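The values are calculated or read from the model by the stated rules, or taken from the named source; none is laboratory data. As the structure is a computational prediction, the values presented were derived from the model and not from experiment. Every residue, glycine among them, receives a Cβ derived from its backbone with ideal geometry; neighbour counts consider all protein chains shown. Remember, those area values only see protein heavy atoms, side chains included, never the ligands or the DNA or RNA. Shrake-Rupley method; radii C 1.70, N 1.55, O 1.52, S 1.80 Å.
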Amino acid sequence: MSRYSAMFDRLNGTGAFGAFLMLGDPDVETSAKLLDSAVEGGADMIEVGIPFSDPVADGPVIQAAAQRALSAGVRVQDCFDLIAAFRTRHHDVPVGILTYANIVVARPGFMRDAAEAGADSLLIADVPALEAGPFVREMDQAGIEPVLIAAANTPGPTLERIAKLSKAYTYCVSRAGITGTHAGGRFESGLIDRLRAAGAPPPVFGFGISAPDHVRAALTAGARGVICGSAIVDLAQRGGDVAAFVRSLKASTGNESSAQ
Amino acid sequence: MRLNGRFGRFGGCYVPEILVPALEQLEAAFLDAQDDPSFSAELNDLLANYAGRPTPLTRCRNLPGNIYLKREDLLHGGAHKTNQVLGQGLLAKRMGKTRLIAETGAGQHGVATAIVGALLGFETLIYMGAKDVERQKLNVFRMELMGARMIPVESGGRTLKDAINEALRDWSASFPTTHYLLGTAAGPHPFPTMVREFQRVIGREARAQMLEQLGRLPDAVVACVGGGSNSIGLFADFIDDPVRLIGVEPAGKGIDGKEHGATLLRGRPGILHGAETYVLQDDEGQINETWSVSAGLDYPAVGPQHAHLKESGRAEYVGCADDEALAAFKALAENEGILCAFESAHALAHALDLAEDDPESAILVGLSGRGDKDVAQAQALLA
């Protein structure tokens with residue numbers, strides 16, 4: 001069973017909390033500690049960015065994080081090494097890579113190296129379902145699970161393609177636009193229901209998750225989990241307590257009725 | 001998508017999922033417009049009576065060899081860019097959009113978009129790298145005179161590629177009301193095909209004019225290549241003809257260093273700004289900053305059809321350094337009384353080399369724009 005499946009089983013209907021961090025931000029050593037802090041705070045899954053110079057799907061916070069990592073001289077191999085080291089410390093926590101197509105195609109064997117480092121999934125932000133076929137085949141061969149993005153405006157046939165191609169989870173964007181906390185999000189059940197009908201992997205909401213209310217709204221809409229990115233990256237950059245922040249959001253993922 | 005959007009293995013539609021419906025809507029609008037006589041009637045009317053088409057074909061009187069210039073410098077707006085902004089502007093109207101966004105490097109495409117925004121009544125927003133804003137103050141003022149608003153982009157290297165990133169980010173939230181008026185035959189499908197079709201008029205006219213003036217096709221067709229819209233527009237109607245097609249890339253301060261924009265000569269296949277194409281990048285896939293004396297050629301990717309024309313061998317791509325372009329700029333001014341854009345001077349420089357090798361061969365040069373925007377820079381460089 002994959003680490004994601006095992007995690008969703010273990011959570012037994014309560015929501016998964018995913019923490020996103022940019023690998024190598026602001027340097028390799030600090031980055032490793034931040035990953036541990038997220039787990040310490042209770043993150044169920046870790047999503048990690050591999051920095052790209054031209055991240056068109058990202059807002060200012062994640063752009064700046066990628067730039068800090070690149071300025072520190074972080075290379076793709078450093079990112080894989082960070083994942084491999086994390087894997088020795090945390091055997092069961094699923095790790096998903098989020099990056100861009102040019103980083104993947106520039107390195108022959110990227111998928112295999114990612115899988116060998118211990119990553120469980122790969123989301124390529126600028127590869128939509130329309131172009132995903134060859135990438136997914138390579139991921140399947142390498143033993144890393146494809147994650148695709150679904151949005152409220154994604155048409156039915158595309159959702160069916162996403163359901164067919166992806167594993168791990170389905171990354172649902174809570175609104176149009178780019179990553180960041182600036183524009184909030186709309187956590188509506190319509191997309192979740194359509195994904196469920198299409199038989200897609202568990203829906204997880206990303207974009208606009210920065211407070212306990214957002215977590216609850218996303219889960220109430222039927223999501224199986226949430227991913228918080230910009231808020232954590234921003235806090236880490238300002239030297240804040242990442243573990244405490246993750247703990248405060250994770251506290252909202254419980255089953256409301258049983259908690260009362 | 002209804003068209004396949006590929007040129008050999010290049011092209012495609014590598015954008016966040018959220019933007020795919022916007023590109024599908026654009027493709028549908030483009031294809032419907034192609035079949036609608038009222039669309040081409042309105043576009044042709046604007047091209048003729050607003051922009052000044054057809055543009056002349058001028059045989060050089062005094063420069064050596066047998067060089068013909070396709071005079072896009074005489075088009076309203078001062079460059080070939082007006083052809084396609086009119087086409088995309090009408091498409092945006094057709095789709096019911098109320099707002100245009102565009103990227104610009106030197107400001108020429110920003111000015112062209114401001115023109116169509118004023119003419120057709122759009123709210124117009126231009127993204128421009130903060131570094132370019134400083135270098136191109138006059139073009140910024142031109143855009144503002146025509147009612148466009150300019151947003152300086154502070155991310156990355158603060159130049160054209162960062163302006164494209166920012167326009168894509170804007171569009172991924174604003175597409176219900178906004179058309180992204182991409183400035184060249186690059187980017188995700190359907191832009192490379194659509195922009196080529198709107199620029200095809202350059203080569204169609206030039207081919208007929210060559211047959212009329214010379215009585216035969218030229219031996220070589222030469223155009224500069226940045227993103228590649230003027231060159232693909234000039235090449236398109238010659239692709240099935242027995243003529244050499246030559247694209248001239250900006251070799252900047254030399255293609256063996258880092259300060260150039262010679263994507264097809266020194267890049268390798270990758271994925272940037274929505275397309276699989278040649279990209280100037282490091283060994284890890286991080287995108288390089290580029291350099292050219294002509295800001296309009298200063299771009300680390302290239303239209304995917306050019307990548308295919310290179311790999312298939314149908315077109316040749318060569319480099320022209322800053323100083324060679326500058327010398328051609330000066331030669332054209334002194335000998336023919338024409339101030340051309342630095343971009344176009346790259347094509348002319350190579351044509352002059354060809355003419356030296358074979359004075360008899362007929363060479364068609366895409367003179368893509370006029371040089372008014374470059375006069376101050378020329379004054380500094382030639383002083």
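Some points to look at:
- Total buried accessible area between A and B, probe 1.4 Å, nearest 100: 2700 Å².
- Mean residue ellipticity at 222 nm, helices only, chain A: -13500 deg cm²/dmol; runs of at least 4 DSSP H residues each add -39,500 (n - 2.57), and the sum is divided by the number of residues.
- Tensor-based shape of segment A:27-116 (alpha-carbon gyration tensor, a/c under 1.5 rounded, otherwise prolate or oblate): oblate
- Column: log10 I(q)/I(0), Debye, Cα scatterers of segment B:1-69, q = 0.25, 0.28 Å⁻¹: -1.04, -1.14
- Calculated P(r) of chain B - Cα pairs past 25 Å, %: 50 percent
- Charge tally in the Cβ shell below 11 Å around B:Ala251, where Lys, Arg are +1 and Asp, Glu are -1, B:Ala251 excluded: -4
- Translational diffusion coefficient (Stokes-Einstein; Kirkwood radius from C-alpha pairs) of segment B:167-231 at 37 °C, 0.692 mPa s, in µm²/s: 235 µm²/s
- Cα pair distances in segment B:276-348, grouped into 5 Å bins until the bin that holds the longest one, percent each: 3, 15, 18, 19, 19, 13, 8, 3, 1, 0
- Chain B - share of DSSP beta bridges that are antiparallel (%, nearest 5): 30 percent
- Evaluated at q = 0.09, 0.21 Å⁻¹: base-10 log I(q)/I(0), Debye formula over Cα of segment B:239-383: -0.29, -1.31
- Segment A:34-188 shape via C-alpha gyration tensor axes, a/c threshold 1.5: rounded
- Rounded accessible area per residue of chain B, 1.4 Å, Å²: 34 Å²
- Charge tally in the Cβ shell below 11 Å around B:Val153, where Lys, Arg are +1 and Asp, Glu are -1, B:Val153 excluded: -2
- Dmax and Rg, reported as Rg then Dmax, of the protein assembly as shown (C-alpha, Å): 25.8, 91
- Convex hull volume of the Cα atoms of segment B:121-237, normalised per residue: 146 Å³.
- About its Cα centre, the protein assembly as shown has a charge dipole of approximately 1180 debye under the convention of +1 per Lys or Arg Cβ and -1 per Asp or Glu Cβ, with nothing else charged.
- Under 5 Å between amide hydrogens, built in the peptide plane, is the criterion, and for B:Met150 it picks out B:Ile126 among residues at least 5 positions away or on other chains.
- Cα gyration tensor shape for segment B:1-121, rounded if a/c is under 1.5, else prolate or oblate: prolate
- Candidate cross-link partners of A:Lys33 among the lysines, defined by an alpha-carbon separation under 24 Å and a same-chain spacing of 8 or more, comprise A:Lys250.
- Solvent-accessible heavy-atom area per residue, rounded to whole Å², over chain A at 1.4 Å: 37 Å²
- Those residues of segment A:129-173 for which accessible area with every protein chain present is at least 40 Å² below the isolated value (1.4 Å probe): A:Leu130, A:Glu131, A:Asn153
- Kirkwood Rh and Cα Rg combined as Rg over Rh, evaluated for segment A:26-71: 1.00
- The fraction of accessible area contributed by carbon and sulfur in segment B:169-293 is 48 percent, rounded to a whole number (1.4 Å probe; ligands and nucleic acids excluded).
- Note on B:Lys161: lysines with a C-alpha under 22 Å away, same-chain residues under 8 apart excluded, are B:Lys81, B:Lys131, B:Lys137, B:Lys253, B:Lys258, B:Lys373.
- Rg in Å to one decimal, and Dmax rounded to a whole Å, for segment B:195-251 via C-alpha atoms: 11.1, 35
- Carbon/sulfur fraction of accessible area - segment B:22-104, other protein chains in place, 1.4 Å, %: 48 percent
- Take every pair of alpha-carbon atoms less than 8 Å apart whose residues are at least six positions apart; their mean separation over the length of chain A yields a relative contact order of 23 percent.
- Sulfur and carbon atoms: percent of accessible area, chain A [1.4 Å]: 51 percent
- For segment B:240-314, the spread of Cα positions along each principal axis, largest first, Å: 36, 25, 20
- Cα-based convex hull volume of segment B:67-139 per residue, rounded to whole Å³: 97 Å³
- Computed from Cα atoms alone, the Kirkwood hydrodynamic radius reported for segment A:97-197 is 14.3 Å.
- In nm, spacing of pseudo-spin labels at B:Leu211 and B:Ser38 (7 Å Cα→C-beta vector): 3.3 nm
- Amide hydrogen proximity for B:Trp291: with H placed 1.01 Å from N in the peptide plane, the residues at 5 or more positions away or on another chain lying under 5 Å are B:His260, B:Gly261.
- Signed unit charges on C-beta, dipole axis of segment B:233-383, positive-most listed residue B:Gly274, B:Ala262, B:His306: B:Gly274
- Cα-Cα separations in segment B:89-130 greater than 13 Å, expressed as whole percent: 47 percent
- Here is how the number arises for chain B: DSSP H runs of 4 or more residues each give -39500 (n - 2.57), the sum is divided by the residue count, and the result at 222 nm is -13500 deg cm²/dmol.
- Cα lying deepest toward the dipole's positive end in the protein assembly as shown, options B:Gly369, B:Leu381, A:Gly18, charges on Cβ: A:Gly18
- Computed as a quarter of the hull surface, the mean projected area of the alpha carbon convex hull for chain A stands at 12.3 nm².
- If the convex hull is drawn through the Cα atoms of segment B:48-195, its volume per residue in Å³: 136 Å³
- Within the protein assembly as shown, antiparallel bridges make up roughly 20 percent of the DSSP beta bridges whose residues both belong there.
- Full-extension gain in nm, B:Leu145 to B:Asp283, via 0.36 nm per residue minus C-alpha separation: 45.3 nm
- Chain B: angle of helix B:108-120 to the longest principal axis, Cα-based, in degrees nearest 10: 50 degrees
- Take every Cα pair under 8 Å whose residues are at least 6 apart in sequence, average their separation, divide by the length of chain B, and the relative contact order is 20 percent.
- Kirkwood Rh and Cα Rg combined as Rg/Rh, segment A:99-141: 0.92
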